[in-house]
Amino acid sequence: MRNITLILLLFQLLSSSFLMASDLNINVELPDGSVYYGKIKNNKFNDTQGFLNWTNGAAYVGGFKNGLMCGVGKMRFANGTEYKGQFENGMANGLGFLKLVNGDKYEGNFKNDLFDGDGKLTYKNSDFYRGKFKKDNFHGSGYFYFSSGEIIGFEGEFLNGYAKFGTIVFANGDIYNGEVDNELFPHGKGEYIFKDESKKLIKGLFEHGKHQKDPCK
């Protein structure tokens, strides 16, 4: 996604010397062999529904403004990654859907080609995160679901891609509320609630998943 702006700026520079204004759809072959089909205004691509095909197999269909992708469009990258949604200034901005070649999918808000705002990232193994993003990272309140393993899910606060505090629900029914480390182990202040009511609730300090006993008791 980050290469879109550079590519379109290059097209803008290459095209400015020979494009002419036209209210009709026209075919334009750029010096690098890429082809644009759509309307031209002020020597730049300007259309609500233009087409741009790169020589490497990448393609875009959608809106253009002042030579850059703008409005609703669909981008297919040379490696097979696909994006469909809103563009502004040649970048993904606003709501969109991104499907990566490895099977991961993101649906939500973008800012300057990055996940930013509310969104849902679903991994190919069916794990998913739903919540706030900032510059491609989990950031703010969110929920992470695990399709397998000892943990079913975590709901709480994230900072720069890592969980900080919240609630862990374990596959065996146990629950932990409190601070966690980067590996999602109880770490810091918290309480561990056993599903088995015959066991006592544990409160206090935890260190990487292990409860630390008060040395004064």
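A few notes on this one:
Okay, residues lined up against (1) part of a strand (DSSP E or B); (2) out of contact with any Gly (no Cβ under 7 Å at 6 or more places or on another chain); (3) surrounded by 14 or more Cβ atoms within 10 Å (Cβ to Cβ); (4) at pLDDT below 95:
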| residue | (1), (2), (3), (4) |
| --- | --- |
| Phe154 | yes, no, yes, no |
| Glu157 | yes, no, yes, no |
| Phe165 | yes, no, yes, no |
| Ile168 | yes, yes, yes, no |
| Gly178 | yes, no, yes, no |
| Glu191 | yes, no, yes, no |
| Lys203 | yes, yes, yes, yes |
| Phe206 | yes, no, yes, no |
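- Gly63 surrounded by fewer than 16 Cβ atoms within 10 Å (Cβ to Cβ), assigned by TED's automatic domain parsing to the domain that holds Gly108 and more than 21 Å from the chain's Cα centre (by Cα): no
- Contact annotation: residue pairs with Cβ atoms under 6 Å, 6 or more positions apart or on different chains, pairing a residue in the range 30-56 that is farther than 25 Å from Asn79 by Cα and touching a residue at least 12 places away in the same chain (Cβ under 8 Å) with a partner that is part of a loop (DSSP other than H, G, I, E, B) and hydrophobic (A, V, I, L, M, F, W, C), are Ile40/Leu19; Ile40/Ala21; Lys41/Ala21; Asn43/Leu19.
- Assessment of the range 136-150 against the conditions (over 23 Å from the mean Cα position of the chain (by Cα), closer than 14 Å to Tyr192 by Cβ, assigned by TED's automatic domain parsing to the domain that holds Lys203 and surrounded by 14 or more Cβ atoms within 10 Å (Cβ to Cβ)) yields no matching residue.
- Scanning the range 105-133 for residues that are more than 24 Å from Gln49 (Cβ to Cβ), touching an Asp or Glu at 6+ places or on another chain (Cβ under 6 Å) and in a strand (DSSP E or B) yields a total of 5.
The values are calculated or read from the model by the stated rules, or taken from the named source; none is laboratory data. All values reported here derive from a predicted model rather than from experimental measurement. Every residue, glycine among them, receives a Cβ derived from its backbone with ideal geometry; neighbour counts consider all protein chains shown.
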